[in-house]
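The values are calculated or read from the model by the stated rules, or taken from the named source; none is laboratory data. This structure is a prediction, so every number in the text was calculated from the model and none was measured. Positions of Cβ are backbone-derived with ideal geometry, glycine not excepted, and every protein chain shown enters the neighbour counts.
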Amino acid sequence: MTNNNQILCFGEILWDNLPSGPVEGGAPMNVALHLSRFGISSSVASSIGNDKKGIDLVAFLAKSGLRTNLVQVHESLPTSEVLVFLDEHNTASYEICKPVAWDEIFLTPELIEEAKASTAIVFGSLASRSPVSRNTLIKLLENENILKIMDVNLRPPYDTEANVKPLLEKADIVKLNDDELIKITGWYTISGNLEERILSFGKILNLETLIVTMGKNGAYILHKDELYHHKGFKVATEDSVGAGDAFLAGFLAAFFDGKDLNTALTEASAIGAFVASQPGATPNYTREVIKRFITD
């Protein structure tokens, strides 16, 4: 089944160096790949180095069925690599090198035209850590006709209020995890339990939709002032890399298909849990696999 929406995913593409070896990654690429599996046209705007690791990343995108025409090749900065550390629960933390190619994603006529033709843009806070990519993103977000979806992804030391807050305030839909919610609501002097923080944060930012994931404890969605909750699916976690990206893509696929919010939340939770149960951010699966996951 195909979908008429077109989604532009802006930001980092990279190699996640897991204890088991390197795998293709980066939140925008992960979201785009998962969206494409649900029949939604998606493109990735990023930058790689003029090196073998960059060539291999582009080859992976092409093999995955994603367009590569918006992946710029930087002549001096290298393709990004990230060190991924897994704790005793297989929850990931990251060491992100700087500078890398996606720190300088330039505003090109082709990128401007892609944004004009897109239904929505998905972006995070990490790719705005440096001025060039940040300024490019800000220009793209000036388009009033595009739905702005922020996938927060706080990564120290780039998780500052000065860097993140201006982007939050441009978003229509925000997705973040419960730890990120606690940190960010502190900037707005919001307190209380998780549900109280969700309701106050959504109101302050005037968000259409706020998505809060909680790992094994499920997720909340606040949509047009109504709060939805899913308790999550219990799985043995292989690693948490990319689970949140899969959740967001699953939610957007259902949302753009016009499904009700409870169904969208269930499907998103299933996809996120399935990815957490597999190695890497973009394991292979089909719609039937996810359906079985929900009904088992």
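Report yes if some residue within the range 273-293 is modelled with pLDDT of 85 or more and of a type in the set (Val, Ile, Thr); otherwise report no. Yes, the conditions are met somewhere in the range 273-293.
The set of residues in the range 84-120 that are within 21 Å of Cys9 (Cβ to Cβ) and among the aliphatic types (A, V, I, L, M) comprises Val84, Ala92, Ile96, Val100, Ala101, Ile105, Leu107, Leu111, Ile112, Ala115, Ala117, Ala120.
From the list Lys148, Lys224, Lys203, the one residue that fits, being surrounded by 14 or more Cβ atoms within 10 Å (Cβ to Cβ) and farther than 23 Å from Glu88 by Cβ, is Lys148.
Would you call Leu141 hydrophobic (A, V, I, L, M, F, W, C) and closer than 17 Å to Ile198 by Cβ?
Against the criterion (hydrophobic (A, V, I, L, M, F, W, C) and closer than 17 Å to Ile198 by Cβ), Leu141 does not qualify.
Where in the range 200-283 are the strands (runs of 3 or more DSSP E), entirely inside, with at least 1 residues that are farther than 20 Å from Arg37 by Cα and under 17 Å from the mean Cα position of the chain (by Cα)? Of the strands (runs of 3 or more DSSP E) lying wholly inside the range 200-283, those with at least 1 residues that are farther than 20 Å from Arg37 by Cα and under 17 Å from the mean Cα position of the chain (by Cα) span 209-213, 219-223.
Among the residues of the range 48-69, those that are over 21 Å from Val275 (Cβ atoms) and either in a helix (DSSP H, G or I) or in contact (Cβ under 8 Å) with a residue 60 or more places away in the chain (or both) comprise Lys52, Lys53, Gly54, Ile55, Asp56, Val58, Ala59, Ala62.
Selection of the range 151-195 for residues being among the aliphatic types (A, V, I, L, M), surrounded by 18 or more Cβ atoms within 10 Å (Cβ to Cβ) and either closer than 17 Å to Gly124 by Cβ or modelled with pLDDT under 95 (or both) yields Val152, Leu154, Val164, Leu167, Leu168, Ala171, Ile173, Val174, Leu176, Leu181, Ile184. Here Lys259 clears all of (1) among the basic types (Lys, Arg); (2) over 24 Å from Thr185 (Cα atoms); (3) out of contact with any Asp or Glu (no Cβ under 8 Å at 6 or more places or on another chain) except the condition numbered (3). Conditions first: (1) more than 29 Å from Ile13 (Cα to Cα); (2) surrounded by 19 or more Cβ atoms within 10 Å (Cβ to Cβ). Ala253 passes all but one, so which condition is the exception? Failed condition: (1). State whether one or more residues within the range 196-209 are of a type outside the set (Ser, Thr, Tyr) and closer than 30 Å to Pro279 by Cα. So far as the range 196-209 goes, no, none of its residues is of a type outside the set (Ser, Thr, Tyr) and closer than 30 Å to Pro279 by Cα.
For the range 134-182, a residue qualifies if it is under 13 Å from the mean Cα position of the chain (by Cα) and not basic (Lys, Arg), and the qualifying residues are Ile149, Met150, Asp151, Val152, Asn153, Leu154, Ile173, Val174, Leu176, Asn177. In the set (1) at pLDDT below 95; (2) out of contact with any Leu (no Cβ under 9 Å at 6 or more places or on another chain), Gly54 fails one condition alone, (1).
Taking the conditions (1) touching a Phe, Trp or Tyr at 6+ places or on another chain (Cβ under 9 Å); (2) over 21 Å from Ile138 (Cα atoms) in turn, Ser20 satisfies each one other than (1). Residue count for the range 70-115 satisfying the condition of being among the polar types (S, T, N, Q), modelled with pLDDT of 95 or more and part of a loop (DSSP other than H, G, I, E, B): 3.
Scanning the range 54-65 for residues that are closer than 24 Å to Arg134 by Cβ and either surrounded by fewer than 21 Cβ atoms within 10 Å (Cβ to Cβ) or within 17 Å of the chain's Cα centre (by Cα) (or both) yields a count of 2.
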